[in-house]
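Note sheet for the following structure.
The values are calculated or read from the model by the stated rules, or taken from the named source; none is laboratory data. The model shown is predicted, which means the values in this text are computed figures rather than measured ones. No Cβ is skipped: glycine too gets one built from the backbone with ideal geometry, and neighbour counts run over all protein chains shown.
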Amino acid sequence: MPSEEIRRRLLQDANLYPPSLRFPSPPNNLIKELNVGAVFPSREHLHARGVHAPLQAGISGTKTGGARSIVLSGGYEDDVDYGDVILYTGTGGQKDSRYNDGPQISDQSFEHPMNAVLYKSFLNKNPLRVIRGHNSLSKYAPGSGYRYDGMYRVTNAELSKGMRGHKICRFRLERCPGQEPFPGQAANTPIVERRSDAGHRVGNVPIEQARRERHRSSRPY
């Protein structure tokens, strides 16, 4: 059993983790000297430093203020990580709804409390922290622990069809300019906008990658 799933299941044991610990309020301490690329051994360490309060949920924040942080930990197969741009899947609709795990079996909704929190960030445009976990399917995932990779803004939020055919809440996050690059990210890499077949903007990719993709698509079969 993957370590992330074991951690989630242990957190559901009220004898080991009472509700006040599993769903804690954000720490009152201010985050100081949080550098891009800082790695934390566990979710408990993220909480203790005030980087990401929940020990299980991937979205932290309030409905009134929006999201403070998100964690990419490989729980959703529809997540797409381009580095500077992230297409982040909302919460809900999975086979194992108790642990937010497994394939998508039903539609998501912006009425879900956590999705409403992230949607608020789309409306108010306040930046939020992005943490990549070692279990993320992204090529930018750290080898171990959880890494803070900077501040992002939610620039789009929509219901779209996921890989399993169900509706998912898809959030587009773009990295705020003027930050140090995170590990694995090329500094000052020129990017170009990528659009879906329907013409919708879905992400930014390096120019050289876009050229290779256009070349492949233009070759005869």
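Computed quantities for the displayed model
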quantity	calculated
Filtered residue count, the range 116-151, keeping only those that are basic (Lys, Arg) and closer than 17 Å to HIS52 by Cα	3
Candidate set: the range 42-57, residues that are outside any loop (DSSP other than H, G, I, E, B) and charged (D, E, K, R); chosen: the one nearest to PHE171 (Cα to Cα)	ARG43
Per-region count, the range 99-129, residues over 22 Å from MET163 (Cβ atoms) and hydrophobic (A, V, I, L, M, F, W, C)	5
Cross-chain or 6+ apart pairs with Cβ under 9 Å, the range 40-65 first and within 15 Å of ARG132 (Cβ to Cβ), then charged (D, E, K, R) and assigned to a loop (DSSP other than H, G, I, E, B)	PHE40/ARG49
Residue within the range 154-161 that is part of a loop (DSSP other than H, G, I, E, B), within 23 Å of ARG175 (Cα to Cα) and touching a Ser or Thr at 6+ places or on another chain (Cβ under 8 Å) present	no
Any hit, the range 58-66, residues being part of a loop (DSSP other than H, G, I, E, B) and within 15 Å of the chain's Cα centre (by Cα)	yes
Considering residues of the range 152-168 that are at pLDDT 95 or above and surrounded by 19 or more Cβ atoms within 10 Å (Cβ to Cβ) only, the residue farthest from PRO54 (Cα to Cα)	ALA157
Cβ pairs under 9 Å, 6+ apart, first in the range 114-127 and touching a residue at least 40 places away in the same chain (Cβ under 8 Å), second among the basic types (Lys, Arg) and assigned to a helix (DSSP H, G or I)	ASN126/LYS120
Unique residue being modelled with pLDDT of 95 or more, part of a loop (DSSP other than H, G, I, E, B) and over 17 Å from PRO127 (Cβ atoms) when the list is GLY37, GLY74	GLY37
